Amino acid sequence: MLFTGNNPPRTDQHALFLGIDVGTSGVKAMLVDVRGDVIASAVTPLTLSTPHPGWAEQDPDAWWAATVTSVRDVMAMRPERSIESIGISGQMHSSVFLDRHGQVIRPALLWCDGRTTHECAVITAAAGGEAVLREWVRNPALEGFTLPKVLWLRTHEPAAFSRLATVLLAKDFIRFRLTGTLSTEPSDASGTLMFDPATMRWSEPLLSAVGVSAALLPDVAASAAVHGYVSADSARVTGLRAGTPVVGGGADNACGAAGVGVLSSGEAVASWGTSGTVLAPTNQPLVDPGLRAHTFCHVAPDTWYLMGVVLSAGAAFNWFRSQCARELADHDDALPILDREAASIAPGAEGVVFLPYLQGERTPHRDASARGAFLGMSLAHTRAHMTRAVLEGVCFALNDSLTILRELGLSPEQLLLTGGGARSPLIRRLQSEIFGVPVTTSNREEGPAYGAALLAAVGVGAFPDLVSAARQTIERAPPSAPDPAAVAAYTEPYARFRASFASSLQR
């Protein structure tokens, strides 16, 4: 069920709020004050396990160990000030399987794990087709979502499934370790394929159709509501004060949008992380008839968002850098050097096309077996052409998502950029020209941990609501409009990119 919590107001101007983000590459902890200034920040890296091609796993206990380290690190930076509340963000979809004692049964299957294609087909058939899934959970069955992972465990590891008592998501596991409370909130529950974002309830029809018990799922509370309090045991491990409130927090994409103030209909944000997203809030649970974009709950009340996902954005560029620019591996100026190479090449990379589908793709192709490719190469082409093609390929893939949002009537007048694509002047310009809209950036580039900290502040009454918190702490740069001639120059290269995916399937 959904409840709102009973959160006491706080007015201490010296209060600090802790935001934690459980990412794929690391766990970030961040201290934010009531003015929205970041007081301290620390990241503890994580490793990714790929036991088979297309698989991706992490140990949830490693998330907890990294959380403890990051929290202790930031607290050591400001030991004289106390933390009033805590918010947590985390990677969506990743499945934590717990037994009845709250112990981890096996490594978590991550959002980018592609092993569950068969289970997705089973779910779709059990529901009676995608039209029914659209009514029940507003999304299609995709390999990255959580329900297919539960079915995979049941089929392939029945001994482990027999021990299963609770399915949690990444940030909810960390809250469980902090507080002992088993819960989630709507933004993360939306990505499980077991939750109806429109009614904000677990989908009993779908769970019944696939034979999964709702008893495996935690209660759902609001994102800014207090879900629990730091336990005495966790306080001893982390150094936090026992009894510190911990709010629901949110999924990384929703918290990332909140952390740059994208909370209202008419706005949109494009993010480059390991994956890439284009996210647009709505004031109703709008659903793409073709289910190419996702419909999820936002972390603000009575707000949803549509989102397109590119599974390899920053990951594609990092792969290219490590494989095709190895001499720059230890070079402090590696990114500026590659940016300068790419800038020396004209739009369209003289016919070179890069498909960034290194780990399959969601939007718009929904194909876990899709793979990356360079097309159109000749002896005349250089690494600079390839660099340009990689950056354009990621932008083109993000533009596929923006095109879908426009088809659904979501046509933002400008696009806020965040993540790696916001830090590079060249990539900002490429996005503006390829998207065909002015782009802007925020003075808060700390990512989902910042949005989680704002939720923590709202949860104890430091702000009346999340929109007020964003308004009082976040500023945007003046928008930068694209050159119309440059926008026109990308019409043919983008069409070539879209045609190249179909061409690659025929090879």
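Find all pairs meeting these conditions: Cβ atoms under 6 angstrom apart; at least six residues apart or on different chains; first residue within the range 370-382 and farther than 26 Å from Val310 by Cα; second residue crowded, with 19+ Cβ neighbours inside 10 Å. What qualifies is His381/Val352.
Anything in the range 186-205 that is of a type outside the set (Ser, Thr, Tyr), under 18 Å from Leu455 (Cα atoms) and in contact with a helix residue (DSSP H, G or I) (Cβ under 8 Å, 6 or more places away or on another chain)? List them, or say none.
Pass one, the range 186-205, residues of a type outside the set (Ser, Thr, Tyr): 186, 188-189, 191, 193-198, 200-202, 204-205.
Subset that is under 18 Å from Leu455 (Cα atoms): 186, 188-189.
The answer is Asp188, and nothing else.
Let's see how each residue does on (1) small (Gly, Ala, Ser); (2) surrounded by 15 or more Cβ atoms within 10 Å (Cβ to Cβ); (3) assigned to a strand (DSSP E or B); (4) modelled with pLDDT of 90 or more:
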residue: Pro8; (1), (2), (3), (4): no, no, no, no
residue: Asp12; (1), (2), (3), (4): no, no, no, no
residue: Phe17; (1), (2), (3), (4): no, yes, yes, yes
residue: Ile20; (1), (2), (3), (4): no, yes, yes, yes
residue: Lys28; (1), (2), (3), (4): no, yes, yes, yes
residue: Val32; (1), (2), (3), (4): no, yes, yes, yes
residue: Arg35; (1), (2), (3), (4): no, no, no, yes
residue: Ala40; (1), (2), (3), (4): yes, yes, yes, yes
residue: Val43; (1), (2), (3), (4): no, yes, yes, yes
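Looking at the range 119-130, can you tell me whether even one residue there is buried (at least 22 other Cβ atoms within 10 Å of the Cβ), in contact with a strand residue (DSSP E or B) (Cβ under 8 Å, 6 or more places away or on another chain) and either without any contact (Cβ under 8 Å) to a residue 12 or more places away in the chain or closer than 26 Å to Pro285 by Cα (or both)? No.
No other residue among Arg236, Arg326, Arg321 is in the same structural domain as Val68 (by TED's automatic domain parsing), farther than 22 Å from Pro197 by Cα and of a type in the set (D, E, K, R) apart from Arg236.
No other residue among Gly372, Gly360, Gly351 is on the phi > 0 side of the Ramachandran plot, buried (at least 17 other Cβ atoms within 10 Å of the Cβ) and not basic (Lys, Arg) apart from Gly360. Of all residues being among the charged types (D, E, K, R) and modelled with pLDDT of 75 or more in the range 321-332, which is surrounded by the most Cβ atoms within 10 Å (Cβ to Cβ)? Just the residue, please. Filtering the range 321-332 for residues that are among the charged types (D, E, K, R) and modelled with pLDDT of 75 or more, the one surrounded by the most Cβ atoms within 10 Å (Cβ to Cβ) comes out as Arg321.
Which one is surrounded by the fewest Cβ atoms within 10 Å (Cβ to Cβ) among residues in the range 78-103 that are farther than 29 Å from His294 by Cα and either in contact with a Cys (Cβ under 6 Å, 6 or more places away or on another chain) or modelled with pLDDT of 95 or more (or both)? Steps first, answer last, please.
First, pick out the residues of the range 78-103 that are farther than 29 Å from His294 by Cα: 78-85, 99-103.
Still in the running and either in contact with a Cys (Cβ under 6 Å, 6 or more places away or on another chain) or modelled with pLDDT of 95 or more (or both): 83-85, 99-103.
Values: Ile83: 21, Glu84: 22, Ser85: 27, Asp99: 14, Arg100: 9, His101: 7, Gly102: 14, Gln103: 11.
Within the range 78-103, the match that is surrounded by the fewest Cβ atoms within 10 Å (Cβ to Cβ) is His101.
When the range 243-265 is filtered for residues that are within 25 Å of Gly228 (Cβ to Cβ), crowded, with 24+ Cβ neighbours inside 10 Å and small (Gly, Ala, Ser), the ones remaining, listed by number, are Gly248, Gly249, Gly250, Ala251, Ala254, Gly256, Ala257, Ala258, Gly259. Scanning the range 137-163 for residues that are buried (at least 20 other Cβ atoms within 10 Å of the Cβ) and not in a helix (DSSP H, G or I) yields Val137, Arg138, Asn139, Pro140, Ala141, Leu142, Glu143, Gly144, Phe145. Consider Ala342 against the criteria (1) assigned to a loop (DSSP other than H, G, I, E, B); (2) in contact (Cβ under 8 Å) with a residue 24 or more places away in the chain; (3) in the same structural domain as Phe435 (by TED's automatic domain parsing); (4) over 19 Å from Thr274 (Cα atoms): it satisfies all of them except one. Which criterion is unmet? For Ala342, the failing item is (1). For the range 120-136, the set of residues classified as within 13 Å of Ser208 (Cα to Cα) and assigned to a loop (DSSP other than H, G, I, E, B) consists of Gly128 only.
When you look at Thr473, is it outside the structural domain of Leu375 (by TED's automatic domain parsing) and either touching a strand residue (DSSP E or B) at 6+ places or on another chain (Cβ under 7 Å) or polar (S, T, N, Q) (or both), yes or no? Steps first, please.
Values: outside the structural domain of Leu375 (by TED's automatic domain parsing): yes; either touching a strand residue (DSSP E or B) at 6+ places or on another chain (Cβ under 7 Å) or polar (S, T, N, Q) (or both): yes.
Yes: the conditions hold for Thr473.
When every residue of the range 321-337 is checked against the conditions, at least one turns out to be assigned to a loop (DSSP other than H, G, I, E, B), in contact (Cβ under 8 Å) with a residue 40 or more places away in the chain and over 18 Å from Gln431 (Cβ atoms).
Residues that are among the polar types (S, T, N, Q) number at least 1 in the following strands (runs of 3 or more DSSP E) confined to the range 178-285: 269-272, 276-282. Here Val167 clears all of (1) in contact (Cβ under 8 Å) with a residue 60 or more places away in the chain; (2) farther than 25 Å from Val220 by Cα except the condition numbered (2).
In this structure, is Ala313 surrounded by fewer than 23 Cβ atoms within 10 Å (Cβ to Cβ), in contact with a helix residue (DSSP H, G or I) (Cβ under 9 Å, 6 or more places away or on another chain), closer than 19 Å to Ala373 by Cβ and small (Gly, Ala, Ser)? It would help to see each step written out before you state the result.
Details: surrounded by fewer than 23 Cβ atoms within 10 Å (Cβ to Cβ): no; in contact with a helix residue (DSSP H, G or I) (Cβ under 9 Å, 6 or more places away or on another chain): yes; closer than 19 Å to Ala373 by Cβ: yes; small (Gly, Ala, Ser): yes.
No.
Matching residues to (1) of a type in the set (Phe, Trp, Tyr); (2) touching a residue at least 60 places away in the same chain (Cβ under 8 Å); (3) touching a Gly at 6+ places or on another chain (Cβ under 7 Å):
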{"residue": "Arg388", "(1), (2), (3)": "no, no, no"}
{"residue": "Cys395", "(1), (2), (3)": "no, no, no"}
{"residue": "Ser401", "(1), (2), (3)": "no, yes, yes"}
{"residue": "Ile404", "(1), (2), (3)": "no, yes, yes"}
{"residue": "Leu415", "(1), (2), (3)": "no, yes, no"}
{"residue": "Thr418", "(1), (2), (3)": "no, yes, yes"}
{"residue": "Ala422", "(1), (2), (3)": "no, yes, no"}
{"residue": "Arg429", "(1), (2), (3)": "no, no, no"}
{"residue": "Ser432", "(1), (2), (3)": "no, no, no"}
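Report whether or not Gly276 is buried (at least 23 other Cβ atoms within 10 Å of the Cβ), touching a Leu at 6+ places or on another chain (Cβ under 9 Å), farther than 21 Å from Leu168 by Cα and at pLDDT below 95. Judged against the criteria, Gly276 is a match. When the helices (runs of 4 or more DSSP H) confined to the range 349-437 are screened for residues that are at pLDDT 95 or above, those reaching at least 1 such residues are found at 383-407, 425-435. Considered as a group, the residues in the range 212-226 that are among the small types (Gly, Ala, Ser) and over 20 Å from Arg100 (Cβ atoms) include one that is surrounded by the fewest Cβ atoms within 10 Å (Cβ to Cβ), and that residue is Ala225.
The values are calculated or read from the model by the stated rules, or taken from the named source; none is laboratory data. Fair warning: this is a prediction, and the values are worked out from it, not measured in the lab. Cβ coordinates were reconstructed from backbone atoms using ideal geometry, including for glycine residues, and neighbour counts include every protein chain displayed.
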